[in-house]
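As structure tokens, the structure follows; a few thoughts come after it.
The values are calculated or read from the model by the stated rules, or taken from the named source; none is laboratory data. Fair warning: this is a prediction, and the values are worked out from it, not measured in the lab. Note: ideal-geometry Cβ built from the backbone for every residue, glycine included; neighbour counts use all protein chains shown. These area figures cover heavy atoms from the full protein model, side chains too; ligands, DNA and RNA do not enter into them. Shrake-Rupley method; radii C 1.70, N 1.55, O 1.52, S 1.80 Å.
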Amino acid sequence: MKNRMKMHAMQLQLFAEAVSGKKIMYLYRILENAATDDAVAIAFTTENETNITTDADTTATKDGPIRTPNVPEIEISATSVLAKGDTMYDKMKAAMLANKLIEIWEVNLAEPIATKSGKFKGTYYQGYLTEYTLTSSAEDHAEVETTFGINGTGATGEVTVSEEQQEVAAYVFADTQKTGA
């Protein structure tokens, strides 16, 4: 029985397929605009990160230490090249200054829901923008870095992603220089 379980685990690993980073997308919306605005993806995103951490307190006992975990904390960060005409960063910055909640959907485009068109596996979060950094060096494109402090632990479910939102996720940055010979 034990060998059969090991064999089954090995078979799963042999046929597993890695998820490309481009297939994980994030959509954003200011919560107070939920009745009027669709969530949007940020164009030219170069990196996203969801970071879940939990500290633990340690109590020394005669039998050895006992660890008591604290509440998990979640942060979501994004880095992107600033797109001309992008208004979402302006909305996020205004929300940060006014302490307004922002909705964030983390979507795995590599895992569509087979029975539902435009639906994908994902997680919904609400949180506050806690860091906003605009970097504009003379040699590179302007870049925006954001960090969100998440309330709670999010809710996993099915996320609707429109064709337009999927296209934004598929964008690859191109420079203005000629690419041909």
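The number of residues in segment 63-109 being acidic (D, E), under 21 Å from the mean Cα position of the chain (by Cα) and part of a loop (DSSP other than H, G, I, E, B) comes to 1.
When segment 94-137 is filtered for residues that are within 18 Å of S77 (Cα to Cα), small (G, A, S) and surrounded by fewer than 19 Cβ atoms within 10 Å (Cβ to Cβ), only A94 remains.
Take E167 and tell me if it is at pLDDT below 95 and assigned to a strand (DSSP E or B). Lay out the reasoning, then the answer.
Details: at pLDDT below 95: yes; assigned to a strand (DSSP E or B): no.
Here the answer is no, as E167 does not meet what is asked.
Is it true that A174 is at pLDDT 90 or above and closer than 20 Å to T79 by Cβ? Taking the combined requirement at face value, the residue does not satisfy it.
Go through segment 1-38 and report how many residues are at pLDDT 90 or above and either open to solvent by 70 Å² or more (accessible area, probe 1.4 Å) or among the basic types (K, R) (or both).
We begin by selecting, within segment 1-38, every residue at pLDDT 90 or above; these are 24-38.
Now narrow it down to the ones that are either open to solvent by 70 Å² or more (accessible area, probe 1.4 Å) or among the basic types (K, R) (or both): 29, 32, 35-36, 38.
Number satisfying all stated conditions: 5.
Going by the structure shown, is T156 modelled with pLDDT of 95 or more, in contact with a strand residue (DSSP E or B) (Cβ under 7 Å, 6 or more places away or on another chain) and among the β-branched types (V, I, T)? Outline the logic, then answer.
Numbers: modelled with pLDDT of 95 or more: no; in contact with a strand residue (DSSP E or B) (Cβ under 7 Å, 6 or more places away or on another chain): yes; among the β-branched types (V, I, T): yes.
It is false that T156 is modelled with pLDDT of 95 or more, in contact with a strand residue (DSSP E or B) (Cβ under 7 Å, 6 or more places away or on another chain) and among the β-branched types (V, I, T).
Residues in segment 39-62 that are in a loop (DSSP other than H, G, I, E, B), open to solvent by 60 Å² or more (accessible area, probe 1.4 Å) and of a type outside the set (A, V, I, L, M, F, W, C) were compared, and the one that is farthest from T123 (Cα to Cα) is K62.
Taken over segment 93-124, the criterion of being small (G, A, S) and modelled with pLDDT under 95 is satisfied by A110, A114, S117, G118, G122. Remark: pairs (first residue in segment 25-47, charged (D, E, K, R); second residue in a strand (DSSP E or B); Cβ separation under 6 Å; 6+ apart in sequence or on different chains) = R29/E103; D37/R29; E47/T79.
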